[in-house]
Amino acid sequence: MKYLLLSFALAFGFMSLTSKPAAPAQSGIKASITRGKQVYLQQCLACHQVDASGVPNMNPPLIKTKQVLGDKTALIKIVLNGLKGVDIDGDSYNGVMAPHPDLTDREIADVLTYVRNSFGNKASAVTAAQVKVVRAAN
Amino acid sequence: MKLIIGFLGLCLTSLVSNAQLKLPAGFKAVTVLSDFGSVRHIAVAPNGVVFIHLGRLKDGKGIYRLQDTNGDGKPDKIFAFGDFPGTGMAIRDGYLYASSDEEVFRYKLDADANVVNPGHPERIVTGLLARGEHQPKAITLDYSGNLYVNIGAYSNACQIDDRQKGSPGRMPCPILDSAGGIWQFRADVPNQTYGNDHDHRYATGLRNVVGLDWNRQTNSLFVMQHGRDQLSYLYPQYWNDKQSAELPAECMYELHKGSDCGYPYIFYDQFQHKQVLGPEYGGDGKKEPSEHYQDPILAFPGHLAPDGLLFYTGDQFPAKYKNGAFIAFHGSWNRAPEPQEGFYVVFAPFENGKPTGKWEIFADNFAGGPDKMSPSKAEHRPCGLAQGPDGSIYVTDDNRNGGVWKISYHK
């Protein structure tokens, strides 16, 4: 069952990336998810919680939100620049998300790929190349 | 028909007693209001009429007056007013005081605790800083015409970049001139502001206070501070996750005019029983500050989030409760990846105006089970406390579908 879900997630991620030449191979995504989990545990879990369910009124969940599933440039920018005072899917949060400029392109790509393919989320992978482009224009 | 019976059944069970809350022998909790809204603080008039303030508007209103006219324990007359959400709710000398995140208002009450002019409250304080973080303005009053307002620090530990690894603390912390403390105002003077003068500042060096109460026995203000977050996240070289889950202590302070409790420069380590220098200011978990700040009068485990404080002055509960403190611990979020803790109401006995140092869990299981001990899964999160004229106490729940319980003692 686990494998079924995983392969579905991977197929989904792969499908939405097929137009991009930089799309990593399936095994690449899997490895990215594994590395991303470690980044998540160290950098994100404190606020967004183990199961990404967040803290009501304070830190938003990372489950099927517009930001998590949506535009990758905007999503990468949230990690690079942090976020404050923005409503998430109609709810306001009093917490502050600090910027994470010290994370490498690879780490940001991995953690976002992990988030977008965990906690019930299914979305395409984020690549280090994509992070690099966004960081350069940031 | 089945539906109606089911509904009646539901009403009956919640009316008779609340099985979920675990209480000491002889105590019983009754659900006054459930599935209602995010109920923050609560105040009870001398005739038993209950006022609650909501953190989110419900049907466009933020304050609800609840009256039980037939004595069945349920409010049958509910009146909504106040078009601002908020936390603060207190009654003194015939007025109901209510705070938004920027202002404090008061409403005149008549002898039956009816709101005389619900559409036109008097604005008592205006222009309070609200910058997202720690912005609710908890309030209480003394018995000499003064109003006390918490203005929480809009920061975790006054770093140059809030909550960012490696960012140092600002010295001196500029937040303290207009937040991070308790401000005192006259309870009956309209439109007071606080600007940059320190005239109104009562106590400083407090990160954020939500639970506060005036103690009639000591005739002084007591507050519960929400301690700083993220020691192991920001400084893994000094604290591991396990230590960080317990540190720093959630502290109770007895305040006097001019009290300085040391935020953001220090925090209180309940294991070493001392103040240690904050890591943003050169601390390593052991170094003590060169300046000594006021010590807490009682220290609880970290991150439990004390949102309500009530000194019990009633005669209904057994004698040991008299003049002791009830504290509503909203429940932690900052213990991850360690298990979360809290979601209960604690009792701390006092003798001659001083805490005995012991404390115990009084009302437990707000979360609804060990698998629900997390802020997003907890069925209920205790927040506000108040005492009724019959000596029962009320506890609120500020989850989105929260409500109110009444806890009584029966021999």
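The values are calculated or read from the model by the stated rules, or taken from the named source; none is laboratory data. Every value quoted in this text rests on a predicted model; they were computed, and no experiment measured them. Every residue, glycine as well, gets a Cβ built from its backbone with ideal geometry; the counts of neighbours run over all protein chains shown. With ligands, DNA and RNA removed, areas are computed over all heavy atoms of the protein, side chains included. Shrake-Rupley method; radii C 1.70, N 1.55, O 1.52, S 1.80 Å.
Remark: region B:2-409 carries 39 Å² of accessible area per residue (probe radius 1.4 Å; ligands, DNA and RNA excluded). Computed from the C-beta positions of B:His256 and B:Lys411, the FRET efficiency with R₀ = 35 Å rounds to 0.35. Once both labels are positioned 7 Å from their Cα atoms along Cα-to-Cβ, the gap between A:Asp89 and B:Asn219 label points is 5.5 nm. Normalising by residue count, the protein assembly as shown has a Cα convex hull of 173 Å³ per residue.
Label separation (B:Lys354 vs B:His292): 1.6 nm, computed from points 7 Å beyond Cα along the C-beta direction. Report in % the part of the accessible area of region A:27-137 that belongs to carbon and sulfur, leaving out ligands and nucleic acids; probe 1.4 Å. C and S atoms contribute 58 percent here. With θ taken as phi - 60° and the Karplus curve 6.51 cos²θ - 1.76 cosθ + 1.60 applied, the whole-hertz 3J(HN,Hα) list for region B:325-330 is 10, 9, 10, 8, 9, 4 Hz, x standing for glycine and proline. Remark: mean inter-chain Cβ contacts per residue of B:157-164 equal 3, using a 10 Å Cβ-Cβ cutoff to other protein chain atoms. The mean sequence distance of close C-alpha pairs (under 8 Å, at least 6 residues apart), as a share of the length of region A:27-137, puts its relative contact order at 31 percent.
In chain B, the longest principal axis of the Cα atoms and the axis of helix B:2-16 are about 60 degrees apart. For peptide A:93-104, the mean count of partner chain Cβ atoms within 10 Å of a residue's Cβ comes to 4.
Solvent-accessible area lost on pairing A with B (1.4 Å probe, both sides summed) amounts to about 1800 Å². Here is the P(r) of chain B: all C-alpha pair distances, binned every 10 Å from 0, give 5, 23, 33, 26, 10, 3, 0, 0 in whole percents.
Comparing the full protein assembly with the isolated chain, the residues of region B:298-343 losing at least 30 square angstrom of accessible surface (1.4 Å probe) are B:Trp333, B:Ala336, B:Pro337. Across the accessible surface of chain B, with the other protein chains kept in place and a 1.4 Å probe, carbon and sulfur atoms take up 51 percent. Looking at region B:140-294, the pairs of alpha carbons with a distance over 20 Å make up 49% of the total.
Straight-distance candidates among the aspartates and glutamates for linking to B:Lys61, with alpha-carbon spacing under 12 Å and chain neighbours fewer than 8 residues away dropped: B:Asp83.
In this view, the solvent-accessible surface of B:Arg335, computed with a 1.4 Å probe and all protein chains in place, comes to about 20 Å². For the protein assembly as shown, a crude dipole built from +1 on the beta carbon of Lys and Arg and -1 on the beta carbon of Asp and Glu, taken about the Cα centre, is about 1560 debye to the nearest 20.
Calculation over all alpha carbon pairs of region B:47-153 in 10 angstrom steps from 0 returns a P(r) of 15, 46, 31, 8, 0 percent.
Model label points for A:Ala129 and B:Leu57, set 7 angstrom from Cα along the Cα-to-Cβ axis, are 5.0 nm apart. As a ratio to 2.2 N^0.38 Å, the alpha-carbon radius of gyration for region A:27-137 is 0.97. About its Cα centre, region B:308-403 has a charge dipole of approximately 160 debye under the convention of +1 per Lys or Arg Cβ and -1 per Asp or Glu Cβ, with nothing else charged. For the cross-link pairs B:Lys322/B:Lys406; B:Lys320/B:Lys411; B:Lys354/B:Lys406; A:Lys64/B:Lys377, the ones whose C-alpha atoms lie over 25 Å apart are B:Lys354/B:Lys406.
At a 10 angstrom cut-off on C-beta neighbours, averaged per residue, how do the peptides B:150-162, B:52-64 rank from highest to lowest?
Sorting B:150-162, B:52-64 by mean packing, highest first, produces B:150-162, B:52-64.
Taking every residue in A:80-90 and counting other chain Cβ atoms within 10 Å of its Cβ, the average works out to 1. Once C-alpha pairs closer than 8 Å and six or more residues apart are averaged by separation and normalised to the residue number of chain B, the relative contact order reads 16 percent.
Placing a label point 7 Å from the Cα of B:Asn401 along the Cα-to-Cβ line, no residue of region B:311-333 has its backbone N under 18 Å from it.
Were the residues from B:Lys242 through B:His273 laid out at 0.36 nm apart, the gain over their Cα-Cα distance would be 9.4 nm.
On the basis of the beta-carbon distance and an R0 of 41 Å, B:Asp161 and B:Asn191 show a calculated FRET efficiency of 0.70.
If packing is taken as the mean number of other Cβ atoms within 10 Å per residue, what is the order of B:211-222, B:242-253, highest first?
Averaged packing, sorted descending, gives the order B:242-253, B:211-222.
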